[in-house]
1. Provide the gained length on full extension for the span A52 to I5, in nm with one decimal, where the gain is 0.36 nm per separating residue minus the Cα-Cα distance.
2. If amide hydrogens are placed 1.01 Å from N in the peptide plane, which non-local residues have theirs closer than 5 Å to the one on Y17?
3. Applying the Karplus parametrisation 6.51 cos²θ - 1.76 cosθ + 1.60 with θ = phi - 60° to the phi angles of region 45-50, what ³J(HN,Hα) value in whole Hz is obtained for each residue in order, glycine and proline being reported as x?
Amino acid sequence: MRELIALRPVLYHAHQYSTGESLPVNDQEMTELWLKAGTAMWKEDEPEPQAAQAIPVTAVAGMPGMSDAGTDGLIGRIPETPERKTTPAKKTTRTTTRKKKA
């Protein structure tokens, strides 16, 4: 539905309409004068943006069974994400450097 929006403050029937407020459209003559003077403009209703589609990220079911610690010790696996799929680089330790030299 179209809406008549005030571009400047308008005093009409003892009511002050601020910039951005919706003006009454029941008086055709005033509506035409506001549009001609540039005091108001028609605004079309914009369709609501679609909600973002989220990918659920929760713990994947792991071992079947009940946890003895209530909700604190839930049993499950960590969610698989691209960051977790890559293997971390091995750190060089003394034992690995000695084996390489020998």
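1. In short, 13.9 nm is gained.
2. Placed amide hydrogens put V10, L11, Y12 under 5 Å from Y17.
3. Calculated HN-Hα couplings, in order: 5, 8, x, 5, x, 5 Hz.
Throughout, read-outs are computed from the coordinates displayed, never taken from laboratory work. Since this is a predicted model, take the numbers as computed values, not measurements.
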